[in-house]
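For reference, the structure is listed below as structure tokens.
None of the figures in this text is laboratory data; all of them are computed from the coordinates on show. Everything numeric in this text was worked out from a predicted model, so none of it was measured. Here Cβ is always computed from backbone atoms with ideal geometry, including for glycine, and neighbour counts include all displayed protein chains.
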Amino acid sequence: MNVLTFVQAFFGDSAHWHGYDGIPSRFLEHVQYTLLALAVAAAIGLPVGLLTGHTGRGGNAIAVVANAARALPSFGLLVLSVLLIGFGLLPVMIPLVVLAVPPILVTTYEAVRTVDPAPVDAARGMGMPESGILFRVEVPVALPLILSGLRSAAVQIVSTATIAAYVSLGGLGRYVIDGLYQRDYEKVVGGATLVAVLALVTLALFWAVGRFAVSPGVRRR
Amino acid sequence: MNGFFDIPSDLQHSWAGLIGVHLREALLPVVAGLLLALPLALLCNRFRWLYPPVLGLTTVLYAVPSLAFFVVLIDYTGQTELTVMIPLALYSLVVLVPAIADGVRSVPDETLSAATAMGFGPVRRYLQVQLPIAAPAIIAGLRVATASSISLVSVGALIGNQGALGNLMAAAQKYDRPELAANAVLTTAVLAVLCDAALVLLRRVLTPWMPRSGRERTAAPREELLTKGAAR
Amino acid sequence: MTSTAKSSRSRTRHHGAAAVALAAAAALLTGCSSGDTSDNPLDGDKAEAGTVVVGSNNFAESTLLADIYGEALRAKGLKVTYKHNIGSRETTYGLMRNGSVTVLPEYNGSLLAYLDEKAAQTSAEEVNTAVKAKLDKQLTLLESSPAEDKDSVALNAATAKKHNLTAESTLADLKEAAPRLVIGGSPEFQTRQQGLKGLESVYGLTFKNFKALDAGGPLTQAALAQNEVQAADVFTTDPTIVKEKFVVLKDPENLFGYANVTPLVRKDALPKEGVEALNAVSAKLDTETLLDLDAQVQLEKKDPLDVAKAWLKSAGLV
């Protein structure tokens, strides 16, 4: 099959494993972009989601912000950012963060909102302070859902970070764009495969974190 | 000097024309995805063992970058709108199959038993009981698929001006005109918001018995969230 | 029981309405096709008999030239459709070969270097003969214009000053400084003979790093001006060379060869009036004119079609 022979040819060529355009270096760049975007998006989405979920207020505002952010096209934001800001990592982070914040924000809010009211009531009855209720009752119970929001955001960033290559940055998108203009299908298919692999690795990592961090009582539910 | 609405001639459409092409390229694949997802979800519910591998395969597909998909298809379908629409239909499928499968499965057993007791055969039960009750979950999936589709059509600009409003974004880059990029981003965003609102309206029409916000403190929203990855 | 039946009927009516609405929307969207006809790469001649399909690559000058050719042909009464922004030569040449595009503005020497890396380029006429020998059987070149736009390696003013290089310096003079410089160009510049490959084999230049930007467009211009890259593949008719005081290095080995603007056409695509029209355009197009037209599009932000039409009128070609 055509696609498979391309994959084989791409990964088999030893030249592809060295240098600034080699697989390890592009893979690493891509991971760096992903981690940075995810960190920034989580830094925005988690606190806001937790706070509004806990107090129950601001749900509508969250829905509106999330819908608006989801409506913005990543490719367009990238071009606009580069035209206005110039080169560098910042114009690439903007579309990726805008993309990742909605799932984190909405899922975290919903996760905390839909926690079973019984333990929360019990904790309040015991005299726990609000922050205690949030971090020691609501978050552990809501953790699976919160993690799923982060996971969803991470996978989308992995896939969309390929657009960084359109504005001269690195990452796995480099293979796709270069392959398009050089008419080198090996590169295109190789790049796509690597992105898919990274997505699977991301899913596996989140599964592992879930097993680790989610309390067995919650997991059994 | 050059206006916000001064569309470069090489895009060969007016601003309104670009919107029309964009909607066509974005929405037809979602409809196609829905038509394919309905039988697929049915199969996944019938044969439970099918669900995890299908879910795994579709997650991997969703991760493949759209541009790579387009480029590989060029040799088969050329630099055309079809090349853009096929991967978008696949992406919609990825979102809709879990939405439909989980939505249908979340119909309470008592309701199904009641329907059977009333004499509903399996087909009627599926069409008149399970699908309608699953409608909110399906519409939630449609909203994600639509938003994602509208955003991804733009990438088609890189394969010979097949990206509708995305062509405007690429032209902004080529001619160094930020106002065109702003136009393209805003127009696309407004289109996405309008399509989303239309789907919310559709949900209210199809499920008049549900509360306005469509959100209840039950298991259903959690399912909705787990399947609802956001737009890409 | 009755109320359930009634409400299930009304629900069905809602479903019916929704289904009809969806179908109608789909039909409307499919019917509402404006502009580009789809085309299959396996289909040779998709265009209706007699329609000329003028294509262009993904940079501004290519769009401008395509518009000039297309409007000149339209003035002779031919039916013309455009396919703009196709991509790099690697793609457009393929579309010329399978007939999806029938007229393309090309650059004779650059095309030769693409078809045959090893071919020497000694004069413009000889280049054209060599190209025609290497072209696909269905394709041919028309007459070349005096206007030239070739690739070149340019440094930004600061880098040139730092390494004591001027407009009189050659690419060979860059050998010492190159390993400390980052060079930028289109993604295909990295693999072409008239690119990094040739720079290394002919002049012995190896650079610190390569940044893939765009084909001589705003991204490359900005990167060079802002010192994101110290050297770049700049097209010689780029109006920002003067504006940003870029230093273009000389190419004594003629790596970048000749690059006269020449129409590449399919042999059966144009009737006699068409060929004459394009040859007339080529006769009147010189480098100075091209520079001016490019500045109108790239600096003054005028629409290329307007610029093309205005020039054709003023040159008496329409």
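Laid out as a table, the results:
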quantity: Spherically averaged projected area of the protein assembly as shown from its Cα convex hull (nm²); calculated: 36.5 nm²
quantity: Given C:LYS83/C:LYS267; C:LYS79/C:LYS137; B:LYS174/C:LYS175, the pairs whose alpha carbons are separated by over 21 Å; calculated: C:LYS79/C:LYS137; B:LYS174/C:LYS175
quantity: Relative contact order computed over the stretch C:151-248 (Cα-Cα under 8 Å; 6+ residues apart), in percent; calculated: 44 percent
quantity: GNM flexibility winner over chain B from B:SER92, B:SER149, B:SER66 (Cα, springs under 10 Å); calculated: B:SER66
quantity: Environment charge of C:LEU104, counting only residues whose C-beta is closer than 12 Å and scoring Lys/Arg +1, Asp/Glu -1; calculated: +3
quantity: Computed over the stretch C:151-248, Cα set: Rg, Dmax in Å; calculated: 11.8, 32
quantity: Sum of -39500 (n - 2.57) over DSSP H runs of 4+, divided by residues of chain B (222 nm, nearest 500); calculated: -24000 deg cm²/dmol
quantity: Among C:242-249, C:154-161, the order from most to least packed when residues are scored by Cβ within 10 Å on average; calculated: C:154-161, C:242-249
quantity: Degrees separating the helix B:66-77 axis from the principal Cα axis of chain B, which is the longest one; calculated: 80 degrees
quantity: Amide H contacts under 5 Å for C:LYS211, placed H, 5+ residues apart; calculated: C:ILE183, C:GLY184, C:GLY185
quantity: Rg ratio (alpha-carbon, reference 2.2 N^0.38 Å) - chain A; calculated: 1.20
quantity: Peptide B:3-13 - average C-beta neighbours from other chains (10 Å radius); calculated: 5
quantity: Most to least packed among C:170-181, A:55-66 [average Cβ atoms within 10 Å]; calculated: C:170-181, A:55-66
quantity: Within-10-Å neighbourhood charge of C:SER88 [Cβ basis; K, R +1; D, E -1]; calculated: +1
quantity: Per-residue [θ]222 nm for chain A (sum of -39500 (n - 2.57) over DSSP H runs n ≥ 4, rounded to 500); calculated: -25500 deg cm²/dmol
quantity: Cα gyration tensor shape of chain B, rounded if a/c is under 1.5, else prolate or oblate by comparing a/b with b/c; calculated: prolate
quantity: GNM top mover of B:ALA115, B:ALA135, B:ALA147 - chain B, alpha-carbon springs below 10 Å; calculated: B:ALA115
quantity: Packing-based order for A:102-111, C:134-143, using average beta carbon neighbours within 10 Å, highest first; calculated: A:102-111, C:134-143
quantity: Label-point separation in nm, A:PHE212 to C:ASN164, each point 7 Å along Cα→Cβ; calculated: 5.8 nm
quantity: Choice from A:ARG136, A:ARG113, A:ARG70 showing the highest fluctuation, given a GNM over chain A with Cα pairs closer than 10 Å; calculated: A:ARG136
